[in-house]
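The values are calculated or read from the model by the stated rules, or taken from the named source; none is laboratory data. For clarity, every value in this text was computed on a predicted model and none was experimentally measured. Please note: Cβ atoms are built from the backbone with ideal geometry, for glycine as well, and neighbour counts cover all protein chains shown.
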Amino acid sequence: MPASDGTGPDRSDPLAAGPTSVDPAAVQASFDRLSGIFSEMMLTVAEVSTRRCPYKDRTDHCTAKFGCRNQRRPTEPGELLVCGGDDKLDYRSAWEPG
Amino acid sequence: MAELTDIKNELIRAEIDEYVGRPDERERLIAMFASAGPQMQAISAALIDGDHATVDGLTREALAAGTTALEVMDDGLIAGMALVGIKFRDGVIFVPEVLACARAMKAGMAHIEPILSASGAKPLGKVVMGTVKGDLHDIGKNLCIMMLRGSGFDVIDLGVDTSPDTFIEAVEEHAPDLLGMSALLTTTMPNIGRTIEAFLEAGLRDPDKIMVGGAPVTQAFADDMGADGYGKDAMACVALAKSLIAEGTGARV
């Protein structure tokens, strides 16, 4: 909390107390770890995208911001459109330009 | 050895129990989460849930309470992303859920990056990215941005359907090291060239600044359009960005 006279550091602002020392090697190691996780994810993306539209979420709703002939009306108002693709044919041919 | 019950957060416990089957991964994750405090576990859980607003708030609170930026990054955000990666690999979640988790990660990193930067750990470079005018297909761009951010780049996302003027305004405002453009359709691919032409006309074109990508884009097309680099996927995009930065050719607008 800030000091009652208003001169103390504002603890709600992490930078207010000034930067603390961070080991650059440790920061790099953290980014390397994160990058490794993401790189493995990209291998999965490449594999999954050959058979499932990447805009289709886990509940088979469409997250695309463009039209697609596989889009079906949602079951509940306000929900995302439902994906009617069967994942057997190339889904990209159903995507529309805008 | 840590047990599942040593993890206080209910959601993380349930997720590991239900979705992590491989003994080595299960053991590693249990040890990792069990050693993290309740606040870090809560950040991980919100990230796994793709809840960016909660990650934002909890990260802010943790830092204000004195937790170090690196601890929040490692024990909260990256730990959560490790579990997300396993769920994605095993087909429990798909690309849209991964991108929601990446958005939550960004919400946390928004508080952490200024602290790292102020203490000398600068981003690898700044990148402005968008899909070109008329193109609303953004999965490829979003995955590139996720990878770039995960590698330590600062990325300004212009979203979809980006006009040449918007790209130019963003470059003028943010002074990035690199500009990335993507197009998925053969009908919108020429807008890559039109945008590069607009930069030339505005007198803003640096010789080695623009990288392009997208399913129908090829190296030959990128060369024809006058781009400086082409990446066939998100991993290639990061390698290209690092290479352009390392060459020092992407250092100016």
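A few comments on the model shown:
- Here B:PRO114 meets the list (1) within 11 Å of chain A (Cβ to nearest Cβ); (2) over 25 Å from A:GLY36 (Cβ atoms) almost entirely, failing just condition (2).
- Region B:198-227 residues that are of a type in the set (Ser, Thr, Tyr), paired with ones that are crowded, with 16+ Cβ neighbours inside 10 Å (beta carbon under 8 Å, 6 or more apart): B:THR218/B:TYR230
- Residues that are polar (S, T, N, Q) and assigned to a strand (DSSP E or B) within region B:143-162 comprise just one, B:THR162.
- The set of residues in region B:88-101 being touching a residue at least 24 places away in the same chain (Cβ under 8 Å) and either farther than 22 Å from A:ALA64 by Cα or of a type in the set (Phe, Trp, Tyr) (or both) consists of B:ASP90 alone.
- Residue selected from region B:109-136 under the condition closer than 17 Å to B:ALA215 by Cα and surrounded by 24 or more Cβ atoms within 10 Å (Cβ to Cβ), by the criterion modelled with the lowest pLDDT: B:ASP135
- Residue match in region B:207-222 (condition: of a type in the set (D, E, K, R), under 19 Å from B:SER243 (Cβ atoms) and either modelled with pLDDT under 95 or assigned to a loop (DSSP other than H, G, I, E, B) (or both)): yes
- Condition met for B:LEU63 (closer than 27 Å to A:ALA26 by Cα and touching a His at 6+ places or on another chain (Cβ under 9 Å)): yes
- Region B:14-69, residues that are among the polar types (S, T, N, Q), surrounded by 22 or more Cβ atoms within 10 Å (Cβ to Cβ) and closer than 18 Å to B:LEU99 by Cα: B:SER44
Residue-by-condition table, conditions (1) in the same structural domain as B:GLU71 (by TED's automatic domain parsing); (2) out of contact with any helix residue (DSSP H, G or I) (no Cβ under 7 Å at 6 or more places or on another chain):
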site	(1), (2)
B:MET105	yes, no
B:LEU136	no, yes
B:ILE139	no, no
B:LEU148	no, no
B:GLY159	no, yes
B:ILE168	no, no
B:SER182	no, no
B:ASN191	no, yes
